[in-house]
1. Starting from the Cα of LYS105, draw a straight line to each of the aspartates and glutamates and keep only those under 20 Å, dropping any in the same chain fewer than 8 residues away.
2. Cα to Cα, under 17 Å, and not fewer than 8 places away if on the same chain: which lysines meet these conditions relative to LYS165?
3. Could you give the spread of the C-alpha atoms of region 1-98 along their three principal axes, from largest to smallest, in whole angstroms?
4. What are the semi-axes of the equivalent ellipsoid of region 12-164, taken as the square roots of 5 times the eigenvalues of the Cα gyration tensor, listed largest first and rounded to whole Å?
5. Describe numerically, in nm with one decimal, the distance between label points set 7 Å from Cα along Cα→Cβ at ASP122 and at THR14.
6. Quick check: net charge around GLU79, other residues with Cβ under 15 Å of its Cβ, Lys/Arg +1 and Asp/Glu -1?
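Values quoted throughout were computed directly from the atomic coordinates according to the rules given, and no laboratory measurement underlies them. A quick note: this is a predicted structure, and the numbers were derived from the prediction, not measured. Counting neighbours? That spans all protein chains shown, and the Cβs are built from the backbone with ideal geometry, glycine included.
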Amino acid sequence: MGLFGFGKKKNTETLYAPVKGELQTLENVSDPVFAQKMMGEGFGVVPSEEKIYSPVEGTVESVFKTKHAIGLKTADGLEVMVHMGLDTVELNGKPFDILVNEGDKVKVHDPIATMDINQVRDAGKETVVLTIITNTADLIDNVTEEINNKTEIDDGTKVMVSTLK
């Protein structure tokens, strides 16, 4: 029994790996905007496969015109961006194939995109796929990373648990 209802359990949201590969904690991402968490909490995965999956259950809120990023929103209001590669906005969508539309409902591990890793590499860009909670400041109390930097993980692996305010 709880203490007369005090300290009610806070909601948590779990983020799962959107792609198979090697986990890269945000601090280790070479782009300072992401590394310093200016965009929000999250994590990266250096992909070993091309299929990108949803890291959360929610709704597709936005697909960037340049196809390098997809915005998702969970039932609790968490806004999660899947950002494929660094500086890939300059590639005008060529390496990406988006498999969802705005308004679509997605579950964890539903395919949302593919990324041609070789095309991204050939363009001199990093392939890391970032999962970022873009409204961290508004909604997140704290996050717990379940996995260490440089760990090989499968898509759908539980990576981060965020506690909502």
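1. Straight-line reach from LYS105, under 20 Å: GLU13, GLU57, GLU61, ASP76, GLU79, ASP97, ASP155.
2. Output for LYS165: LYS8, LYS9, LYS10, LYS73.
3. Projected onto the principal axes, the Cα atoms of region 1-98 cover 57, 28, 24 Å.
4. Rounded to whole Å, the semi-axes are 21, 17, 14.
5. Here the answer is 3.9 nm between the modelled labels.
6. Taking every other residue near GLU79 into account, the sum is -4.
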